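Colleague: Pasting in a structure now, in structure tokens, and then I'll have a few things to ask.
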Amino acid sequence: MSAGYHIVVCGGIVPDPLQTLEPVAGPAGPSLKNELMLPAVLDPWAAHGLYEAAHLAKAVPGSKVWLVSLGPKAKLQQVMMTVAQKVPFELVVLDGPGGGFTESSDVAGTLADAIQAIPGLDRSRLLVFGGWESASRAAGSTMQQVGERLGILDQFQGVDQLSIGGDGAFQILERVEGGKHQISSCAGPPVLLGWATGSLPEPPNNPQVGMVNMRTVMPALQRAKPAKVGAEGVTFSRVALPAQRRDTRVVKDASPDEIAREIVEWIAKK
Amino acid sequence: METILVLAHTEADGSLARSARETLAAAQSLQAALAATTLSVGLVGADVQAAADRVAACGATRFFGVAGAAFAQSRYATDALAAEALCREAAATLILAPGTSRWCRALPGVAHRIGGRVDTHAAGLSAADGAVSIVRWYYRQRMEATMARTQRPWVVLIDPGSVAPWDGPAGAASLQMIDVEPPPAALRTAVTGFLAPAADAQTIRPDADLLFVAGAGWTKVQADGKTHAAEAADLILTFLRKTQASLGGSKSLVDLSGEGQAVLSFMTHLNQVGQTGATPRHPKGLATCCHGEEPHAVGWRFISERRAVNLDPNCGWARGKADVLYVADAFAVMAKVNALLAERASA
């Protein structure tokens, strides 16, 4: 058996966190106002998964990383200008809507089909990574459905760490209730991990990495297959921004003593 | 008409968590609102009889269980196997479950197996004119939607803390056990333990009345031209110890530890509140040295009363995100707060 892992990272694009979002109703269901104009980024937790994948691939010779991404082709191209400079990967593009109001089961089916179509993918060395929850639909349900379609029974969510023992077994830390991590041991691939933040910082931009990546990114964008993703069977009766806006009392010119007394009384009040 | 199945797993001691009883209450409300709808309960764990007895009087017509050593662990393969068996046995059209980490991991996959659909983080459920709808948040709590589905089965995971729990009397449940034998392929993963800070170092307290958020301002250069990270740490930890508040942080603060800057060593990504962090539920929240911008403030969606301390009178908190903004130096304020708390404790 060849050494190294085949690591496939699934990651969509989401609006930049600092953007103001407004829902609008359309014939196909709700979407975001001016969605295609909004600056986009790679989904944050999926991005962490990508950095972890690259880190692992660098540590284990013979490994390779793919990024499978579903989104409008033009937006993906913009996002790749930045992402491609971070870590080495081969891009697989699915051209379709990337908003939060699409069905996770549709997205999972499209992703799984694309993964299975990757030439030379070795299931015995396969690690499927993704974000625990997206910053759009925020369901945390897509990756599990991808795993089911691929027949992967060893799945983990909210992952912050993956370690490999001398015998090739994995040790995985997942976030659970109460600020704790659950430690699990798994015999080896194939596995599926939905990453949380992980433990690596965002890599700095590396133009050399970018240039190597772009040699495959542009052809991938050009041959992107259309993805049929929608929200069939779902009815949204209301989509709205939270109406609550507090009438903030701004306290200036009060001494720390006065402020502290007020805070302590407020904390104590049941 | 629906066939509702409430799916719950037991805790390590065989009991049912509060979130399971919350889900049961939600199911009862739906059953009452829908015609000709039945309610069943499905339980998974090492031993489920005690859990079944705890909710025996909930009005469910049937109680199912999958039990055994293999199902004691929070593990995708065996949890999915057990839940699938329960869903099929109950022939459920609507499967409600608490959004615990264990069920959030497994049930989306189960939805696929049974040919259904799944929605998670439901913050409310209702029924009108025979149709069930749920409320859930999108774009990391930046917008709220009410939605319904035609597809069945429909698996709905309910966010803990969204519904008041069922609190009826215990009884004796007639449990129908389903025999599920995990194949070797389902046993490649084993839970070997948990990693948690020492009890006195644990800063995440989901049941705390107060969320205390420390922002990046604590580690910045102060008016005297110096950073005071050690003093900041002492003030924050003292406050947490005295109030037993839960600690949250902003992304900018927790990211500092990965960038080699002055940090608060006890602050990790698990403490992060906001768009790429947690959205905790606490009655009160106090933000300090934090700008209250949208990517962080969305994590405060379920904090009822909010106050903030910040030197910037135009920060996000001032613009409708907090009830009170104290324009002041958090170092000075929190030192006074801690002193007052100590006085009260010794009085």
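The values are calculated or read from the model by the stated rules, or taken from the named source; none is laboratory data. Just so it is clear, the structure is predicted and the values come from calculations on it, not from any experiment. Every residue, glycine among them, receives a Cβ derived from its backbone with ideal geometry; neighbour counts consider all protein chains shown.
Colleague: Would the stretch B:214-232 turn up any residue that is among the acidic types (Asp, Glu), within 28 Å of the chain's Cα centre (by Cα) and at pLDDT below 95?
Modeller: Checked against the condition, which is being among the acidic types (Asp, Glu), within 28 Å of the chain's Cα centre (by Cα) and at pLDDT below 95, the stretch B:214-232 yields no hits at all.
Colleague: Can I ask one more? As an exercise: evaluate residue A:55 against (1) more than 14 Å from the chain's Cα centre (by Cα); (2) modelled with pLDDT of 95 or more; (3) buried (at least 19 other Cβ atoms within 10 Å of the Cβ) and give the number of the one condition it does not meet.
Modeller: Failed condition: (3).
Colleague: A further question on this structure: Looking at (1) assigned to a helix (DSSP H, G or I); (2) in contact (Cβ under 8 Å) with a residue 60 or more places away in the chain; (3) under 30 Å from residue A:169 (Cα atoms); (4) not polar (S, T, N, Q), which is the only condition residue A:58 fails?
Modeller: (2)
Per-residue answers, yes or no, for (1) over 19 Å from the mean Cα position of the chain (by Cα); (2) more than 8 Å from chain A (Cβ to nearest Cβ); (3) closer than 25 Å to residue A:256 by Cβ; (4) without any contact (Cβ under 8 Å) to a residue 12 or more places away in the chain:
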| site | (1), (2), (3), (4) |
| --- | --- |
| B:279 | no, yes, no, no |
| B:302 | no, yes, no, no |
| B:315 | yes, yes, yes, no |
| B:329 | yes, no, yes, no |
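Colleague: Turning to a different aspect of this structure: Based on this model, can you work out whether residue A:99 counts as crowded, with 21+ Cβ neighbours inside 10 Å, of a type outside the set (Val, Ile, Thr) and modelled with pLDDT under 95?
Modeller: Taking the combined requirement at face value, the residue satisfies it.
Yes or no, residue by residue, for (1) touching an Asp or Glu at 6+ places or on another chain (Cβ under 8 Å); (2) of a type outside the set (Val, Ile, Thr); (3) assigned to a helix (DSSP H, G or I):
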site	(1), (2), (3)
A:9	no, no, no
A:17	yes, yes, no
A:20	yes, no, no
A:25	no, yes, no
A:30	no, yes, no
A:45	yes, yes, yes
A:48	no, yes, yes
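Colleague: Another question, then. Where in the stretch B:48-151 are there strands (runs of 3 or more DSSP E), lying wholly inside it, with at least 3 residues that are surrounded by fewer than 24 Cβ atoms within 10 Å (Cβ to Cβ) and among the β-branched types (Val, Ile, Thr)?
Modeller: Correct list: B:131-138.
Colleague: Let me ask another. Pull up the stretch B:179-207, narrow it to residues that are loosely packed, with under 12 Cβ neighbours inside 10 Å, in a helix (DSSP H, G or I) and modelled with pLDDT of 95 or more, then point me to the one that is farthest from the other protein chains (Cβ to nearest Cβ).
Modeller: Here the residue is B:184.
Colleague: Would you mind stating whether residue B:88 is over 17 Å from residue A:143 (Cβ atoms), facing chain A (nearest Cβ under 8 Å) and out of contact with any strand residue (DSSP E or B) (no Cβ under 7 Å at 6 or more places or on another chain)?
Modeller: No, not satisfied.
Colleague: Consider residue A:104 carefully, then state whether it is of a type in the set (S, T, N, Q) and surrounded by 19 or more Cβ atoms within 10 Å (Cβ to Cβ).
Modeller: Spelling it out, residue A:104 is indeed of a type in the set (S, T, N, Q) and surrounded by 19 or more Cβ atoms within 10 Å (Cβ to Cβ).
Colleague: Scan the stretch A:145-187 for residues that are outside any strand (DSSP E or B) and more than 8 Å from every other protein chain (Cβ to nearest Cβ) and report the count.
Modeller: 9
Colleague: May I ask you to list pairs of residues, at least six apart or on different chains, whose Cβ atoms are under 6 Å apart, with the first in the stretch B:81-98 being free of Cβ contacts under 8 Å to residues at least 40 places away in the same chain and the second being not aromatic (Phe, Trp, Tyr)?
Modeller: Pairs found: B:84/B:110; B:84/B:113.
Colleague: It is to be established whether one or more residues within the stretch A:119-139 are under 21 Å from residue A:55 (Cα atoms), of a type in the set (Phe, Trp, Tyr), more than 13 Å from every other protein chain (Cβ to nearest Cβ) and in a strand (DSSP E or B).
Modeller: yes
Colleague: Okay, next question. Quick one: what pairs do we get from the stretch A:247-270, first residue facing chain B (nearest Cβ under 7 Å), second aromatic (Phe, Trp, Tyr), C-beta under 6 Å, 6+ apart or different chains?
Modeller: Listed pairs, sorted by first residue: A:251/B:326; A:259/B:326.
Colleague: Of the residues in the stretch A:211-270, how many are more than 30 Å from residue A:21 (Cα to Cα) and of a type in the set (Phe, Trp, Tyr)?
Modeller: Residues that pass the stated criteria total 1.
Colleague: Anything in the stretch B:152-165 that is assigned to a loop (DSSP other than H, G, I, E, B) and within 18 Å of the chain's Cα centre (by Cα)? List them, or say none.
Modeller: Answer for the stretch B:152-165, where residues must be assigned to a loop (DSSP other than H, G, I, E, B) and within 18 Å of the chain's Cα centre (by Cα): B:159, B:160, B:161, B:162, B:163, B:164, B:165.
Colleague: Okay, next question. Pick from the stretch A:215-246 the residues that are part of a strand (DSSP E or B) and more than 7 Å from chain B (Cβ to nearest Cβ): which of them is nearest to residue A:27 (Cα to Cα)?
Modeller: Only one residue fits best here, namely A:226.
Colleague: Does the stretch B:209-235 hold any residues that are crowded, with 19+ Cβ neighbours inside 10 Å and either within 14 Å of chain A (Cβ to nearest Cβ) or polar (S, T, N, Q) (or both), and which are they?
Modeller: Within the stretch B:209-235, B:210, B:211, B:212, B:213, B:219, B:235 meet the criteria.
Here's the yes/no breakdown for (1) of a type in the set (D, E, K, R); (2) touching a helix residue (DSSP H, G or I) at 6+ places or on another chain (Cβ under 6 Å); (3) crowded, with 23+ Cβ neighbours inside 10 Å; (4) farther than 19 Å from residue B:90 by Cα:
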position	(1), (2), (3), (4)
B:4	no, yes, yes, no
B:9	no, yes, yes, no
B:12	no, no, no, yes
B:16	no, yes, yes, yes
B:29	no, no, no, yes
B:42	no, yes, yes, no
